[in-house]
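Since the structure comes first, as structure tokens, the remarks are kept for the end.
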Amino acid sequence: MTSIFRNLMFTIFAATLIAGCENQASIPPEKSDYVGEWQHPTISLIIRQNGSVEYNRQEGTSSKSFKAQLKAFDGDNFIVGFGPMDTTFVVSKPPHQEGENWVMTVDGVQLIRAKSSQTGSNIPGKAEQISLTKKSMHDFAVSVNNKSMEHFRNSICKLWQNQFSTEKLNETYGAFFNLGVDLTVLDPLEPIFEGDALIDKDGLLVIKGHYPTKPSQVTFEHKYLYENAAWKLAGFSINIAASKTPQTPQTGPNIPGKAEQISLTKKSMHDFAVSVNNKNMEHFRRSISKLWQNQFSTEKLNEAYGALFNVGDLTVLDPLEPIFEGDALIDKDGLLVIKGHYLIKQNKVTFEHKYYYEDAAWKLLGFHINIQ
């Protein structure tokens, strides 16, 4: 497994992928008194900070219950529903305190807010937290292996499904698809939790932790929504980075000599300049590492560097020697870092390049340029 995660630690070069249901419309601050579990002998009304609403009413032998999403407030009244189906709750007396109790009159009935009001289910025990975490990681790993997030999407909460199609999830997590790494190797491992699980202000269960993998550590933060009497995944974050634990002496490639550093720098600058002149990063993309290619399409690179398309002809730098700033180094992620600048007329062009050792050669994995 060591070799697997040595490769994987580069897959998220500068970002953690995060997505989920956290974009739900929440209760506005001026209406925060509405949040809680409101009770009457025949009625239960739960209003969560994230805008989800549960209603149960018993009338003789019949009952009425539903779960919906808050759509809007109309004065003191509030409207809930999905799509074209709306229900308006008429609030003749908004939440206010009477003695030790908070009360609210809804549809002519006075409700009392539970003092120990829990706006979601209780925090599950450790065994269930482990089960939830392992299932989320496994479902994600299966979809990565399939190069389609359809399996993963079938396992997440309905609210997230309503927001994200399979195609949108593919776009969000697609950087993992072509890495050739099987994340199901985590299946038999126990996650190590960091801090206690909690229910946040939006009523979501938050579980954080990592897996005991070396030399890289897989960290995660998952969020779950209590939906249909079960916790369902509503947010998924995964990050794979070099372990902070001291490792054995480096067994990777040595720092190249100055002549090779010059050659690498000049080639990177030339390939970039050609693409800037073409106003299309296709030529540049063909010269970078496969890891970077898997993460960034030509269109994404055009978006990232498009601001420089009208800067002028950077191939004027081709005959010049770069002036290095400090010594090249290999950073904690195993990347070769070369910094420096060019001087041309009244301008100073600074750069910082990062290279990944791939197929027995240094290939560009990070490119920064600044023209002053």
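Of all residues in segment 201-210, those satisfying the criterion of being within 14 Å of Lys134 (Cβ to Cβ) and in contact (Cβ under 8 Å) with a residue 60 or more places away in the chain are Ile207, Gly209. Among the residues of segment 129-173, the ones that are over 22 Å from Pro188 (Cα atoms) and assigned to a helix (DSSP H, G or I) come to 17 in all. For beta carbons closer than 6 Å, sequence separation of 6+ or different chains, a first residue in segment 177-200 that is over 15 Å from Ser136 (Cβ atoms) and a second that is polar (S, T, N, Q) and exposed (fewer than 15 other Cβ atoms within 10 Å of the Cβ), there are no qualifying pairs.
Just one residue in the set Ser131, Ser117, Ser155, Ser148 is in contact with an Asp or Glu (Cβ under 6 Å, 6 or more places away or on another chain), small (Gly, Ala, Ser) and modelled with pLDDT of 85 or more; that residue is Ser155. Pairing residues of segment 309-321 that are surrounded by fewer than 13 Cβ atoms within 10 Å (Cβ to Cβ) with residues that are in a loop (DSSP other than H, G, I, E, B), at Cβ distances under 9 Å and at least 6 apart in sequence or on separate chains, gives Asn310/Lys279. Of all residues in segment 78-95, one or more are touching a helix residue (DSSP H, G or I) at 6+ places or on another chain (Cβ under 6 Å), outside the structural domain of Gly209 (by TED's automatic domain parsing), surrounded by 15 or more Cβ atoms within 10 Å (Cβ to Cβ) and farther than 20 Å from Asp187 by Cβ. Is it true that some residue in segment 315-335 is part of a strand (DSSP E or B), of a type outside the set (A, V, I, L, M, F, W, C) and modelled with pLDDT under 90? No: segment 315-335 contains no residue that is part of a strand (DSSP E or B), of a type outside the set (A, V, I, L, M, F, W, C) and modelled with pLDDT under 90.
The number of residues in segment 179-190 that are at pLDDT 75 or above and assigned to a loop (DSSP other than H, G, I, E, B) comes to 5. Within segment 341-355, not a single residue is under 27 Å from the mean Cα position of the chain (by Cα), assigned to a helix (DSSP H, G or I) and either exposed (fewer than 12 other Cβ atoms within 10 Å of the Cβ) or in contact (Cβ under 8 Å) with a residue 60 or more places away in the chain (or both).
Could you go through segment 191-214 and let me know if any residue there is in a helix (DSSP H, G or I), on the phi < 0 side of the Ramachandran plot and not hydrophobic (A, V, I, L, M, F, W, C). No, there is no match, as no residue in segment 191-214 is in a helix (DSSP H, G or I), on the phi < 0 side of the Ramachandran plot and not hydrophobic (A, V, I, L, M, F, W, C).
A single member of Phe309, Phe296 is closer than 15 Å to Ile369 by Cβ and in the same structural domain as His353 (by TED's automatic domain parsing), and it is Phe309.
The values are calculated or read from the model by the stated rules, or taken from the named source; none is laboratory data. This one's a predicted model, so the numbers in the text were calculated from it and none came from an experiment. All Cβ positions, glycine included, derive from the backbone under ideal geometry; neighbour counts span all protein chains shown.
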